[in-house]
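First up is the structure itself, then whatever we jot down about it.
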Amino acid sequence: MKPKVLLTHPLLKEAMDYLATQVDLELATENMLLPKEELVARITDKDGLLCFLTDPVDREVIDAAPSLKIISNCAVGVNNIDVAYARSKGILVTNTPEVLTEATADLTMALILAVTRRIVEADEFCRQKLFRGWKIDLFLGQELGGKTLGLIGFGRIGRAVARRARAFGLNLIYYDPNRLSLEEEKQIQASYRELDELLAEADIISIHAPLNHQTYHLISAEKFRLMKNTAVLINVARGPIVEEKALVEALENGRIWAAGLDVYEHEPEIDLRLLKLKNVVLLPHIGSATYETRKKMCFLAVENLLRGLRGEKPLSLVE
Ligand code: DGY
C-alpha cells in the first residue's frame, strides 16, 4: 500500500504529477491559506505532510497525526513548524535550502536598486504621463559605490548578496551570532560588527536571518534610533524580525530614508500606512520566485518526503 500524504497546496505541476505516482496523495486546497481546523482534520490518517510557509504546523496539528513520519516544508524557513515538538515525537522535518540562495540574493539586489534609485516611483510617474522632459533633479536617488552594506545574518543568502554587492562597489559589514574566521572574512571581504555598531554604520541594512525567539522584533523602535537618517532597510527574510509599527513610524518621520520589503509582520496583511508611503517598495514574498528555483524547491521537497517515508535520510533534514 502506498503511504498516505497530505499536500497542503499545489506544487508546480511536474513535481505534483510525479508525487502522485509515488504516494496516495490528497491535496488539501488550491488556496494559499488553509484554515488550521481543516489541516487538523485532514492530517489524522497521513504518513507524510508536504506543506508551505503559510501552514502553521504546531502541536495541535502534530498531535492530530499519530502515524506522521515526516513534515517536508517547501521553504528554507521553518518558523511555521514546531520543530522541537516534531522531533520529540520522532517526526522528521525537512526544508529546501541552497536551491533558493541565488534567486533570493538576486531579489535582494533588485530591491536595493529599486529603493535607492526610486525605480517604482519613477515608473508610476511615466505611467501617469507626468514625464515632460529631462531635468537635473528628477528622481534623485542614492549611489551605491563607496557606501556600506550591513548584512544581518551571514549564512548562504547573506553571503550570496555580499558577492553581488561587491560588484557594485559596496563595502561590506555583517552581524551574525556565528562569527566567521578572520581568514573567511578576508576572503569574502566583509568585516564583523556587533548589531548596534552595524545599524549605526551601514547605509543599507539588509536582513537575511531566520525567524526564531532571538530574532523576533530584532529591529525595534530603539534600533531605528541608531540608524542614519539616510539609511535604507531591506527585508527579504521574515516580517516579524522587524517591528512593523516602528518601521512605519521611522519611514513616516524620516528617521530612515526608505525601505524595501518582501515580507511583512502579519503576512499576507500589509499595514495600510505602508501602502500610502512613497519611500517604500513592497513585494508579495517573491524572493525565491523564479521558474528555475521554484521547480528545484518543489522537487527537493518531494524527494525529502519520499526518502523520509522510505526510512532513508532526507537530503535536507532540519537538525
Ligand atoms: C523560504 O523558502 O523560506 C522563502 O521565504 C520562500 O521561498
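The values are calculated or read from the model by the stated rules, or taken from the named source; none is laboratory data. Note that the structure is a prediction, hence the values are computed from the model and not measured. In this analysis, Cβ positions are derived from the backbone assuming ideal geometry, glycine residues included, and neighbour counts consider all displayed protein chains. Just the protein is used for accessible areas: all its heavy atoms, side chains included, with ligands, DNA and RNA removed. Shrake-Rupley method; radii C 1.70, N 1.55, O 1.52, S 1.80 Å.
Remarks
- When residue 291 is tested against (1) within 16 Å of the ligand (Cβ to nearest atom); (2) touching a residue at least 12 places away in the same chain (Cβ under 8 Å), just one condition goes unmet, and that condition is (2).
- Qualifying residue in segment 257-273 (condition: open to solvent by 10 Å² or more (accessible area, probe 1.4 Å), modelled with pLDDT of 95 or more, over 26 Å from residue 55 (Cα atoms) and in a loop (DSSP other than H, G, I, E, B)): yes
- Restricting segment 41-62 to residues that are among the β-branched types (Val, Ile, Thr) and within 16 Å of the ligand (Cβ to nearest atom), the residue that is nearest to residue 265 (Cα to Cα): 54
- Qualifying position, being surrounded by fewer than 16 Cβ atoms within 10 Å (Cβ to Cβ), away from the ligand (no atom under 16 Å from the Cβ) and touching a residue at least 12 places away in the same chain (Cβ under 8 Å), among 313, 278: 278
- Those residues of segment 63-78 which are in a loop (DSSP other than H, G, I, E, B), more than 14 Å from the ligand (Cβ to nearest atom) and touching a Leu at 6+ places or on another chain (Cβ under 9 Å), in sequence order: 64, 65, 68, 69
- Filter result for residue 311 (under 23 Å from residue 113 (Cβ atoms) and either charged (D, E, K, R) or part of a loop (DSSP other than H, G, I, E, B) (or both)): no
- In the set (1) open to solvent by 10 Å² or more (accessible area, probe 1.4 Å); (2) over 15 Å from residue 297 (Cβ atoms); (3) within 16 Å of the ligand (Cβ to nearest atom), the condition left unmet by residue 108 is number (1).
- Tally, over segment 200-253, of residues that are away from the ligand (no atom under 16 Å from the Cβ) and either of a type in the set (A, V, I, L, M) or in a helix (DSSP H, G or I) (or both): 25
- Every listed requirement among (1) open to solvent by less than 50 Å² (accessible area, probe 1.4 Å); (2) more than 15 Å from the ligand (Cβ to nearest atom); (3) under 18 Å from residue 307 (Cβ atoms) is met by residue 24 save one, (1).
- Residue check for residue 137: under 25 Å from residue 168 (Cα atoms), open to solvent by less than 70 Å² (accessible area, probe 1.4 Å) and free of Cβ contacts under 8 Å to residues at least 60 places away in the same chain: no
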